[in-house]
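**Q** The structure that follows is given in the form of structure tokens.
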Amino acid sequence: MNLVTSGDRDRRVFVGDHTRKEFREKIEAGTIDAAIVPTAATEQHNEHLEMIHDTLHATWMAEQAALRLFPRVVVTSPVSVGVSEHWMAQIGTLTVRPEIFCEYVFDVCNSMVRAGVKNVLILNGHGGNVKPLMRRIYEFRDRLGSDVNIRFQSYWDVYDPALVRETMDNGRLPGHADEYETSTMLVLAPERVHAADIDNDSAALGTKAKGDRLMEPAVDGVAAVLEKMIAGEKIDQPPVTFRSEGRLHMISGEEV
Ligand SMILES: [Zn+2]
């Protein structure tokens, strides 16, 4: 898989891009304050977006946020198959059962904890992963112990509702393979937007200009979450989704 990377060898943030010596020396020097574990999906994204979309998106967000805080934050390999049972009628979609997914994510997080990392942010980029992981995150905390600060959230939780309202004509964010995801992929990797195959009006609203407006604020918001985690501050950001009727709380479904 061709991950989006900065290509700057002096500013490597992915765990896997370090030798064991380099990683160990950073841990021993107390350089690494936090790790991000990107979680996403490999699933159908309508006719025009590639199925790896959510994984590329979440991994890019994680990388950029880590670069903002370089060298204090590292990024693990992404968990690139998520809970996508609802799309299995569209062949090519990959899915794992929620309990398997959650345990796998836990073990990746725990690998960083066992290496000596005290703050772990599970940064999600796929809606189907939200409820399974939110149901387990408190249990994860108990299992890892009180000196570990683990948090789960989606990158879109950090958006200012006013910015979403002003920028998205359909009001939805992230939506699924429509205006938002088409716009952001036009920024990240335009060759992955198969424009001739766009077959719905909402995806046709996607533009690079909208993507440009929305990408950096999300990176800033995720970096701010990491800074608060490292400082031990409380974070008040519930799981949300944006619809034309407003910002909805993802677990209870209520408007907030
Ligand atoms: Zn998506």
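**Q** Once phi is turned into ³J(HN,Hα) by the Karplus curve 6.51 cos²θ - 1.76 cosθ + 1.60 with θ = phi - 60°, what whole-Hz value does each residue of the range 189-200 show in order, with x for glycine and proline?
**A** 7, x, 5, 8, 9, 8, 4, 5, 9, 4, 10, 9
**Q** Here is a follow-up. Straight-line reach from Lys234: which lysines fall under 19 Å, measuring Cα to Cα and dropping same-chain residues less than 8 apart?
**A** Lys118
**Q** Please report the antiparallel percentage of DSSP beta bridges with both residues in the chain, rounded to the nearest 5.
**A** Values: 8 of 25 bridges.
That works out to approximately 30 percent antiparallel.
**Q** Once a ≥ b ≥ c are taken as the square roots of the eigenvalues of the Cα gyration tensor of the range 35-173, is the result rounded (a/c under 1.5), prolate (a/b larger than b/c) or oblate (a/b not larger than b/c)?
**A** Details: a/c = 1.79, a/b = 1.29, b/c = 1.39.
Note, shape of the range 35-173 comes out oblate.
**Q** Still on this structure, please answer the following. Against the longest alpha carbon principal axis of the chain, how many degrees, from 0 to 90 and to the nearest 10, is the axis of helix 208-231 turned?
**A** Compared with the principal axis, the helix lies near 30 degrees.
**Q** Also: So, in Å, what gap is there between the alpha-carbon centers of the range 5-37 and the range 197-256?
**A** The range 5-37 and the range 197-256 have Cα centres separated by 27 Å.
**Q** Find which of Ile122, Asn149, Pro217 sits farthest along the positive direction of the dipole of the chain, computed with +1 on the beta-carbon of Lys and Arg, -1 on that of Asp and Glu, about the Cα centre.
**A** Asn149
**Q** Follow-up. State the Cα centre-to-centre distance between the range 40-113 and the range 136-173 in whole Å.
**A** Taking the Cα centre of each part, the range 40-113 and the range 136-173 sit 14 Å apart.
**Q** Let me ask another. Quick one: which residues, 5 or more positions from Arg247 or on another chain, have an amide H under 5 Å from its amide H? H modelled 1.01 Å from N in the peptide plane, none for Pro or chain starts.
**A** Placed amide hydrogens put Val256 under 5 Å from Arg247.
**Q** Rounded if a/c is under 1.5, else prolate if a/b beats b/c, else oblate: with a ≥ b ≥ c from the C-alpha gyration tensor eigenvalues square-rooted, which is the range 1-84?
**A** prolate
**Q** Same structure again: So what's the range 162-217 giving for Rg/Rh, alpha carbon basis, Kirkwood Rh from the mean inverse pair distance?
**A** Taking Rg over the Kirkwood Rh, I get 0.93.
**Q** Under the classification rounded if a/c is under 1.5, otherwise prolate if a/b is larger than b/c and oblate if not, where does the range 100-256 fall, given a ≥ b ≥ c as square roots of the Cα gyration tensor eigenvalues?
**A** Details: a/c = 2.01, a/b = 1.85, b/c = 1.09.
The shape class here is prolate.
**Q** Follow-up. Helix-only mean residue ellipticity at 222 nm, the chain, DSSP H runs n ≥ 4 weighted -39,500 (n - 2.57), per residue, nearest 500. What is it?
**A** -12500 deg cm²/dmol
**Q** Quick one: work out the % antiparallel among DSSP beta bridges in the range 121-255, nearest 5.
**A** On the way: 6 of 10 bridges.
The answer is about 60 percent antiparallel.
**Q** Search the structure for amide H atoms under 5 Å from the amide H of Ile150, placed 1.01 Å from N in the peptide plane, and list their residues when 5 or more places away or on another chain.
**A** Correct list: Val120.
**Q** Provide the packing ranking of 147-160, 198-211, i.e. peptides ordered by the mean count of other C-beta atoms within 10 Å per residue, highest first.
**A** Result, highest mean Cβ count within 10 Å first: 147-160, 198-211.
**Q** What is the magnitude of the charge dipole of the range 1-84 about its Cα centre, with +1 placed on the Cβ of each Lys and Arg, -1 on the Cβ of each Asp and Glu, and no other charges, expressed in debye to the nearest 20?
**A** Around 440 debye, computed over the range 1-84.
**Q** Still on this structure: Amide H of Val75: which non-local residues (sequence gap of 5 or more, or other chain) have their own amide H closer than 5 Å, using H built in the peptide plane?
**A** The answer is Phe14, Val15, Ile36.
**Q** With everything on Cα atoms, drop me the angle between helix 53-68 and the longest principal axis of the chain, reported from 0 to 90° to the nearest 10.
**A** Its long axis makes an angle of about 50 degrees.
**Q** While we're here: Let me spell out the model: positive unit charges on the Cβ of Lys and Arg, negative unit charges on the Cβ of Asp and Glu, origin at the Cα centre of the chain. What dipole size does that give, in debye rounded to 20?
**A** Details: 28 positive and 39 negative charges, 202 e Å.
Charge dipole of the chain: 960 debye, to the nearest 20.
Since every read-out is calculated from the coordinates, none of them should be taken as a lab result. For clarity, every value in this text was computed on a predicted model and none was experimentally measured. Counting neighbours? That spans all protein chains shown, and the Cβs are built from the backbone with ideal geometry, glycine included.
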